[in-house]
Number of protein chains: 2
Amino acid sequence: MQTTMEAAEQSKKPSSVESQGNAVEISLQTALSSGNLEAFRKAVVNTLERRLFYKPSFEIYKGVAGLYDLGAPGFLVELNIINFWRKFFVREENMAEVRCASLTPEAVLKASGHVDKFTDPMVNDVITGECHRADHLLKDYCEKKLEKDHSGEEADELKNVLAVLEDLSIEDLGKKIKEYGITAPVTKNPLSDLYPFNLMFQTSIGPAGLIPGYMRPETAQGIFVNFKDYYYDNGKKLPLAVAQTGLVFRNEISPRQGLLRTREFMLAEIEHFVDPDNKSHPKFPDVAKLEILMFPREEQTSGQAAKKLVLGEAVVKGTVNSETLGYFIGRVYLFLTRLGIDKERLRFRQHLANEMAHYAADCWDAEIECSYGWKECVGIADRSAYDLYAHSEKSRVALVAEVKLAELKEVEKIVITPVKRELGLAFKGDQKKVVEALEAMSEQEAMEMKATLDSKGEMEFEVCTLGRNVSIKKNMVSITKKMTKEHVRVFTPSVIEPSFGIGRIMYCLYEHKFSTRPSKAGDEQLNVYRFDPLLAPYKCMVFPLVQNQQFEEAAKFISKELKSFDMSHKIDITGTSIGKRYAKSDEFGAPFAITVDSETSVTIRERDSKDQVRVNVKEAASVVSSVVEGKMTWQDVWASFPHHSSAASDE
Amino acid sequence: MQTTMEAAEQSKKPSSVESQGNAVEISLQTALSSGNLEAFRKAVVNTLERRLFYKPSFEIYKGVAGLYDLGAPGFLVELNIINFWRKFFVREENMAEVRCASLTPEAVLKASGHVDKFTDPMVNDVITGECHRADHLLKDYCEKKLEKDHSGEEADELKNVLAVLEDLSIEDLGKKIKEYGITAPVTKNPLSDLYPFNLMFQTSIGPAGLIPGYMRPETAQGIFVNFKDYYYDNGKKLPLAVAQTGLVFRNEISPRQGLLRTREFMLAEIEHFVDPDNKSHPKFPDVAKLEILMFPREEQTSGQAAKKLVLGEAVVKGTVNSETLGYFIGRVYLFLTRLGIDKERLRFRQHLANEMAHYAADCWDAEIECSYGWKECVGIADRSAYDLYAHSEKSRVALVAEVKLAELKEVEKIVITPVKRELGLAFKGDQKKVVEALEAMSEQEAMEMKATLDSKGEMEFEVCTLGRNVSIKKNMVSITKKMTKEHVRVFTPSVIEPSFGIGRIMYCLYEHKFSTRPSKAGDEQLNVYRFDPLLAPYKCMVFPLVQNQQFEEAAKFISKELKSFDMSHKIDITGTSIGKRYAKSDEFGAPFAITVDSETSVTIRERDSKDQVRVNVKEAASVVSSVVEGKMTWQDVWASFPHHSSAASDE
């Protein structure tokens, strides 16, 4: 059985370094300007996979598309992002972070609309049965055609299709595919009619198989159904923000673009509940002066480019529909750029009117430019009262808030009075549940019931807690309008939701932080991730120069010290040359590398400048820790310690 | 729709405080000695649910058994446990922490044995169809009978059944249920025959529904299938430890005992791979002197009690089968007691010979005593080479390690020589994959093939990479034995696995840390969680004494300072009495409460002593932070600051 393993090991050798032997420096910048995106992406992905940032899952069983494992460095990067998210959003704003179940019974996702509408348009290869996403096929067709012929009437039509692609109905999408005679990729076989495919992973909960369920496709619903508890816990005050991170599951038809479209991914969501009549934010002034690349609706439809806007002005002018939405746009901008996203490759694009969910009041996507184009990484949506209202209606539990009014206010109210005697005769032991369901009707439902009972004398009525419909007769309930004086206003809160795709942010950070630079000899290009210490999986690598006990003891001492400072690090005791170890350290994006070359002192090398200083063994960890934590800069270190010039062989 | 909400709010009032009005102090200690376990458990659970440590999921839709949501304090407790686990195990031992996919294709769980063997014995109520776990019914039956009659021949028989319950085969379990005439609980209907029910949640991956898959029932398999990558990344050296935390999913037949048996739970697992010929551990001396309550196999079978053993002696005497297993027992002991588990209620129970998985070399469970009895919270198993071997065999990818031998060693080797000409004629383009599969056979498989080909001339052979069987003829492969000199020893590593049920540990901590104490007036019992600062969800509560702008400004200032020290805290601006707010603070288990009662100075109250000191507003956060981080003790604070004696109304 050795053969397989040896073959695998050979394939593990840092091949990308050699394959880039042409000594041309590569970065996202050079890739975008040269158009050589494939080579750049290959260099990034090869490095990530070789260093186990991530890898396809279950490879020894040939794997499954769209599933990836994070190895140690990738896991630490994800953890750094999530920990910073917690500090920057959750703790800063005193949000409640929760963890709701991911197995979800059907009733919840029926109410939220996911069972009926969380679909992608699918077509099959009629010969092989292979599944394809219809909109992707249409997009690929248009783009390929346009590559060949970019002007003329046909080209204009194709450009138009691309522009409205996301808004096409199932019918229109199907018509276009037929009209263009699009066939299956690779096989060129004809395609089936188009149909909606639900993206949720279905399962069944409980041994009897009677409770249909799904793996959650987003974390938000778990929060919505608990709104009442969070509201009460917050002293019945709004605004109220609840946060959640966790895995979500979507059965993508054709996963592609690596980490950008996977079937299981980490989401970090904030549900910020507000009074729909007051979406101001006390901390908006903190972000109002930010100048941000924005792409409002009008600029998109009139063919203009994204442009820099001052956030405060965008809110005042109504481009962004509320201070709270604007506040989160500003905070997301600060969050992403602090992690290392290039601010010139970050824009906030407003959803077009017909692209937006019908209930959303306004929606902006933080899009990051990478080799695959501008990719949505954070969605910031004002979902209005849609979700709470939908769950109130289906569960018949009121998910509402209330505010005291300064003075009594006369309002017309619907009064629902169940006639208990009649209900008792009709429903016996179930009477109580029927009464509760009647009393929990919304005003609109009650008025509809009144109209039906007045005209037909009887109607079917769903009692959720009984799990069945009952027949309500006119004599069982009295529904009247009455003028009353209210001292509270009861309303369904709006929710503003920033939703972060952690995997996408992570992948874009990899692309933004990757570049190559020539080796000392100049004959090859070496990979380097220029991660900020905040993001770097290892703040520091530690190498004993040669394998001997004294050096290894010193390395262990430094490791222990680094642990006491909570500095994530890695010891490399492979006997390879120091140059190779620095190259490896750069591929991990470690800001610093400590080489133990004597019993008493060591060198510290800074990744970006490749400069080295010599410090005492006892000081090494604290120097690294001080720079990582921002207590001093590398310039301070450079000014304070003797410089070490590396031998030619070092790099 | 207000009615429902108002009713819900009323039910939210801290009812347990009143219901304990009898002024008897409650703790796990008093509950165990009085036998009044139900009342204790109710007090614990009421407090946890009222303060949103956790709650049943999807309650507005009547929920689903076995699913729970963590609210803000519960989430923080879980996070504190996991963060401490990372520090104590992962970083301390330089383990690689990874995150593997939770959606798992069937092939992986077929190889691991889960598809065939991860079952519980189930019976149905033949009238209602309701499902029951057969072993639970038998257990309940025996225990109830024994409660009535504890001696005599029948009692002895029942006691014996309870002792061997976990080892009973499906057949024997079925026989006992028939023999005792056990019927369905509640309905008393007859029961169906018994059958195995697989506990995994099944789903299907990909749009065509062709890839059967499951939600992972443990995290370990994701690590095993990637062993080769981790081994290479570790410089091909053992030992090698890979850690993973994450949700796992088990479709329990009848979830019960709240957080102890749920359908979705957080697991933290370590897979420590070692050379089976060398299970020593260099850091074992660090734990060898620990005296730990242990319950070896012999003590259990001979009816003795668990006893304190010195860990080093237990390893020397062979009670624990290796230093590495012993090292993890010691580390788990230190981990749990540091979190706050009472060391007198923690024991390590060895699996009985027939209770252990057939492949396991030795297995010890860390069991924690709570109101439900002694519960397995951490399993520490030497799983031998079973898992890696099973995946090697099924995937035909060698999951092995190798060590250089000091001197060349003559060994008999099986040489497999595929005859490429014949294979090419037979399999054309598939030849390469057939050749690779033949070369990847284990020695045993090769010898079996040789025997079959010698006798029958031909055999079916599974080529995993082709996804089908092919027919191999005698002339297609030559299999011979040869004496060769080897310079490496190739072997399948053993894996030692500590597996932590985070939810169970968390629940036991709640019970160990819960107690009541009389209110100042002595007329009621107040709940308090005496969490160590390490575990406490909020290190500190902050209360402005009355609602005015100056006090709220001071509270905001303190909150900002606490954030800068990374001290999790909660501001309570409800206008309730300070006594009620202290009671709430105690129910959250906050070690400290800061009351802002002037613009310049505040009081800090310590939870357990209820002592209060007065400090300057500017110092408050740093004093709390110093005690939480262990830089000073409360005694130091008490000695350094003026004491504040609370008014009678305060508590």
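Assorted remarks:
- Translational D in µm²/s for segment B:119-198 (Stokes-Einstein at 20 °C, 1.002 mPa s, Kirkwood Rh from C-alpha pairs): 167
- Taking max minus min of the alpha-carbon positions on each principal axis, chain B gives extents of 97, 60, 58 Å, largest first.
- Expressed as a fraction of 2.2 N^0.38 Å, the C-alpha radius of gyration for segment B:36-109 is 1.55.
- Descending principal axes extents, segment A:471-545, alpha-carbon based, whole Å: 94, 33, 23
- Relative frequency of Cα-Cα separations exceeding 16 Å in segment A:373-484, percent: 68
- Quarter of the Cα convex hull surface for segment A:288-347, i.e. its orientation-mean projected area (nm²): 3.9
- In plain terms, the C-alpha convex hull of segment B:302-388 casts an average shadow of 6.6 nm² when viewed from every direction.
- Kirkwood radius and radius of gyration were both taken over the C-alpha atoms of the protein assembly as shown, and their ratio Rg/Rh is 0.96.
- Dipole magnitude for segment A:156-269: computed about the Cα centre from +1 point charges on Lys and Arg Cβ and -1 point charges on Asp and Glu Cβ, it is near 280 debye.
- Dipole magnitude of segment B:229-329 about its Cα centre (Cβ charges: Lys, Arg +1; Asp, Glu -1), debye to nearest 20: 320
- Cβ neighbours within 10 Å from other chains - mean over A:208-216: 3
- Since only B:Gly181, B:Gly113, B:Leu191 are under comparison, the one whose Cα sits farthest along the positive direction of the charge dipole of segment B:103-229, derived from C-beta charges on Lys, Arg, Asp and Glu, is B:Gly113.
- Total accessible surface hidden between B and A, rounded to 100 Å², 1.4 Å probe: 9100
- In Å, descending, principal axis extents of the Cα set of segment A:330-378: 34, 25, 13
- Electrostatic bookkeeping for B:Met541 treats Lys and Arg as +1 and Asp and Glu as -1; over the other residues with beta carbon under 13 Å from its beta carbon, the sum is +4.
- All Cα-Cα separations within segment A:233-328 were binned at 5 Å from zero, giving a P(r) of 2, 10, 15, 13, 13, 16, 17, 10, 3, 0, each value a whole percent of the pairs.
- Distances in nm from A:Glu166 to the matching label points in the other copies, shortest first (labels 7 Å along Cα to Cβ): 5.4
- Distances from A:Gly63 to itself in the other copies, using label points 7 Å out along the Cα-Cβ axis, amount to 4.2 nm in increasing order.
- Pairs of Cα atoms nearer than 8 Å and 6+ residues apart set the relative contact order; for chain B it is 14 percent.
- Cα pair distances exceeding 21 angstrom across segment A:465-614, given as percent: 62
- Shown for B:Gly467: label points 7 Å from Cα along the beta-carbon vector, and their distances to the equivalent points in the other copies, 4.0 nm in ascending order.
- Over segment A:146-267, the alpha carbon radius of gyration divided by the compact-protein estimate 2.2 N^0.38 Å works out to 1.59.
- Charge dipole (segment B:407-489, unit charges on Cβ, about Cα centre) - positive-most of B:Ile414, B:Phe427, B:Asn469: B:Phe427
- Each Lys and Arg contributes +1 and each Asp and Glu -1, all at the Cβ; summed about the Cα centre of chain A, the dipole is approximately 1340 debye.
- With 0.36 nm allotted per residue and the present C-alpha distance subtracted, the B:Phe565-B:Glu171 stretch has 135.8 nm of extension available.
- Sequence of B:Glu412, A:Glu458, A:Glu153, A:Glu402 from largest to smallest accessible area, 1.4 Å probe: A:Glu153, B:Glu412, A:Glu458, A:Glu402
- Per-residue SASA entry for A:Ser280, accessible area with 1.4 Å probe, Å² rounded to 10: 70
- Using a probe of 1.4 Å, the accessible surface attributed to B:Arg468 totals some 110 Å² when neighbouring protein chains are kept in position.
- Every helix of 4 or more DSSP H residues in chain B counts as -39500 (n - 2.57), and over all residues that averages to -10500 deg cm²/dmol at 222 nm.
- All-pairs Cα distance distribution in segment B:79-128, expressed in whole percent, bin size 10 Å: 18, 23, 24, 24, 8, 3
- Take every pair of alpha-carbon atoms less than 8 Å apart whose residues are at least six positions apart; their mean separation over the length of segment A:538-650 yields a relative contact order of 28 percent.
- Accessible area in the full protein assembly, largest first, 1.4 Å probe, for A:Asp229, A:Asp597: A:Asp597, A:Asp229
- With the Kirkwood sum run over all distinct C-alpha pairs, segment B:538-650 has a hydrodynamic radius of 13.7 Å.
- Between segment B:279-354 and segment A:45-65, the Cα center-to-center distance that results, in Å: 38
- Surface per residue (accessible, 1.4 Å probe) for segment B:407-489, Å²: 61
- Between amide H atoms placed 1.01 Å from N, distances below 5 Å from A:Arg261 occur with A:Arg256, all of them 5 or more places distant or on a separate chain.
The values are calculated or read from the model by the stated rules, or taken from the named source; none is laboratory data. Small disclaimer: the values here were computed from a predicted structure and weren't measured. Using ideal geometry, Cβ is built from the backbone for each residue, glycine included, and neighbour counts are taken over all protein chains shown. Keep in mind that these areas ignore ligands, DNA and RNA; they rest on the heavy atoms of the full protein, side chains included. Shrake-Rupley method; radii C 1.70, N 1.55, O 1.52, S 1.80 Å.
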